[in-house]
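Shown next, in structure tokens, is the structure this report addresses.
The values are calculated or read from the model by the stated rules, or taken from the named source; none is laboratory data. Computed from a predicted model, the values in this text were never measured in an experiment. Methodologically, a virtual Cβ is constructed for each residue, glycine included, from the backbone with ideal geometry; neighbour enumeration extends over all protein chains shown.
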Amino acid sequence: MNIHPVSAKVLGMLLLVFGAGCSSKIDSGAVQAPIKSMNKTSIGKKLRENDQLPIAERIALYYRLRREHPESYTFESEDDLTMYGYSLLWSGKTSEAIEIFRLLVREFPESYNVYDNLGEGLLQNGDQDSALYYYEKSLVLNSENYNAIAQIKRIRHPESSAEFPAGFDPELFSKTYPAEAYRQDLEELGKALVRIHPNALKFISGEKFWQLIGEKQNQVTDQTTYAEFFWMCDEIIASIGCSHTSTGGFYFETQMLPVHLRFPVEVRWIDEHLYVVDDSGNAGSVAVGDEIVHINDVSVKDLMASIYRHIPAQGLIETSKRYVFNDHATLMIPYALGFPSGYTIGTSNSAPKVVLHQAEHVPDYQEPFQRPCPENLCLQFLNQDKTAILSVASFNYYWWHNLNEFNQFIDQSFKAIESRPVDHLIIDVRFNHGGSQHSSINLLKYLVDKPFTYYSESLYNEEEGLQTPAEHPYRGHLFFLIDGIGNSTTGHFMSIVKELNLGTIIGEELGSNGFCTAGQTTCRLPQTGLEYYVANSTAISSARSLPADRGILPDYTVKQDIDDYLQGRDVVMAFALQLINSQ
């Protein structure tokens, strides 16, 4: 299992579906590891609640519960116990994690993934020989376990610095494959998407989907480069309308593209216009604030329509695509234009074409304004404590990792709010890419005054029943700030806010809604080795009356214009405070 414990943000859920050419992976996603049995308690969660016991006693507890209460816990779920093992590994309790992984091997001896897990634990513990043994056992059970292949290569050839998979290799940019190899991979890509994704044809008809694949098959030649083929695959994947299915968030495309081919001016797509926000060494030719109307004789309108077809998003939502483009503008423009060696632009205030200098560096992304709170979680008070701002920029808090941190913050925040004369509470969920349902539910419990149902349909059955409000929920006026970044669990959260009419919603269309196809299966095309990630499970909130193809819509639409962006003004927060003051 390919895991990178860099931060809480990269933690996600276990993957469930393994198709031909596809293997497991942990990814930053919407919700925690699935529990696949109805009305059962998570055995991993039960063991975590007993972390004070020596590991041998926890394993003895596992066997005792399995013997005495087989119907009460998720003993049949390999995934659930695996997440507990990794929670120990990520906490630095390597020897304890290894014992849980050994337990998994005993309980699920036919699963290639449990041997991969044990190999990783042993490798982190410095036991390369034993790790190699278990990685090889995993490979016997699944010859396409790419993580095992990569780890075996690293163990046997430590002198090699080559990364895996091949998509990281910049030399692939100009590599070519036979046209027939491309065609076969395009066919496999289409079949895998339909086979693995439970809602692959929800937002596009089967006829249009296969027509698109046919068009790309007709376009490839023996001279088509790997980079061009990658861009074709991006369009096919984006066509199914799923923000959890992609080729890796344009990371591979970034790694491949030579710097000198990047678009050499930093731009932002704001309110359907493309503006210069940094001349990047082209001072005198363009100025900050200039609007670009065409690039290399292609109108910006046509160019953006083409680029948007390559950006994954939920259903027909475009606000989230704007943020992705603005994050990768200097990358996407070259891909969309076929990697020109130079760029000329036309601006709205200049008649002649402007020739731009070649790019010399990769720009750093700049947020559209300075967030009110630099942390993911914070609470602020204004107006003699009559107004509170609760910033929740992440729901990435899980029972097997750091859920207690989130719960403690929320519990303490509402105690602080209750102790003050707060009659207006702003819940700011902008910049929130999602996370676990547990954190979302805990926050909702303080905002509702009667029991509510979180999920109407999902694999996460512990949360399908009625949820009880907190003992002292907030009773004042509520305001919610949203943006196109809000994804995944944020869509579940805001869909229930909208359905229950909990307060006033301000901002722009959310990047998600109550319909969330999540999880991820890692796949690799057999001919070109291109790696991609396919959602494999569905979780739908109880807000079934809202459309699945649109994001949660605000009561007041408030967006930055170019002057707001250049000045770094938070117009959404300013509008909310003005609205509160007027009341």
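Structure notes:
So that you can scan it fast, the table gives a plain yes or no per residue for (1) of a type in the set (S, T, N, Q); (2) in contact with a strand residue (DSSP E or B) (Cβ under 9 Å, 6 or more places away or on another chain):
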{"residue": "Ser512", "(1), (2)": "yes, no"}
{"residue": "Phe515", "(1), (2)": "no, yes"}
{"residue": "Thr522", "(1), (2)": "yes, yes"}
{"residue": "Leu525", "(1), (2)": "no, yes"}
{"residue": "Gly529", "(1), (2)": "no, no"}
{"residue": "Val534", "(1), (2)": "no, yes"}
{"residue": "Arg544", "(1), (2)": "no, yes"}
{"residue": "Leu553", "(1), (2)": "no, yes"}
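- Residues located in region 265-291, provided they are over 22 Å from Phe369 (Cβ atoms) and aliphatic (A, V, I, L, M): Ala283, Val286
- Residue that is closer than 20 Å to Tyr251 by Cα and part of a loop (DSSP other than H, G, I, E, B), where the choices are Gln370, Gln358, Gln314: Gln314
- In this structure, Ala548 does satisfy being under 21 Å from Gly315 (Cβ atoms) and touching a residue at least 60 places away in the same chain (Cβ under 8 Å).
- Hey, Asp302 at pLDDT below 95, surrounded by fewer than 21 Cβ atoms within 10 Å (Cβ to Cβ) and more than 24 Å from the chain's Cα centre (by Cα) or not: no
- Residue match in region 61-80 (condition: within 22 Å of Asn402 (Cβ to Cβ) and among the aliphatic types (A, V, I, L, M)): no
- Flag for Phe414 being outside the structural domain of Lys93 (by TED's automatic domain parsing), under 29 Å from Leu81 (Cβ atoms) and either modelled with pLDDT of 95 or more or buried (at least 20 other Cβ atoms within 10 Å of the Cβ) (or both): no
- Summed over region 317-351, residues that are more than 32 Å from the chain's Cα centre (by Cα) and charged (D, E, K, R) total 0.
- Residue under evaluation Trp231, criteria (1) buried (at least 17 other Cβ atoms within 10 Å of the Cβ); (2) closer than 17 Å to Ser341 by Cα; (3) of a type outside the set (Lys, Arg), criterion not met: (2)
- Yes/no for Val276 being of a type in the set (Val, Ile, Thr) and at pLDDT below 95: no
- From the options Ala313, Ala329, residue that is surrounded by 21 or more Cβ atoms within 10 Å (Cβ to Cβ), closer than 16 Å to Val267 by Cβ and among the small types (Gly, Ala, Ser): Ala329
- Wholly within region 65-168, helices (runs of 4 or more DSSP H) carrying at least 2 residues that are of a type in the set (Lys, Arg): 94-107, 146-156
- Qualifying residue in region 258-271 (condition: β-branched (Val, Ile, Thr) and under 30 Å from Ala192 (Cβ atoms)): no
- Here Arg268 meets the list (1) in contact with a strand residue (DSSP E or B) (Cβ under 7 Å, 6 or more places away or on another chain); (2) without any contact (Cβ under 8 Å) to a residue 40 or more places away in the chain almost entirely, failing just condition (2).
- Between Tyr84, Tyr73, the distinction of being over 27 Å from the mean Cα position of the chain (by Cα), surrounded by 15 or more Cβ atoms within 10 Å (Cβ to Cβ) and modelled with pLDDT of 50 or more belongs to Tyr73 only.
- From the list Asn282, Asn296, Asn218, the lone residue that is assigned by TED's automatic domain parsing to the domain that holds Tyr365, free of Cβ contacts under 8 Å to residues at least 24 places away in the same chain and either on the phi < 0 side of the Ramachandran plot or touching a helix residue (DSSP H, G or I) at 6+ places or on another chain (Cβ under 8 Å) (or both) is Asn218.
- Test: residue in region 219-240 that is under 30 Å from Asp561 (Cα atoms) and outside any helix (DSSP H, G or I): yes
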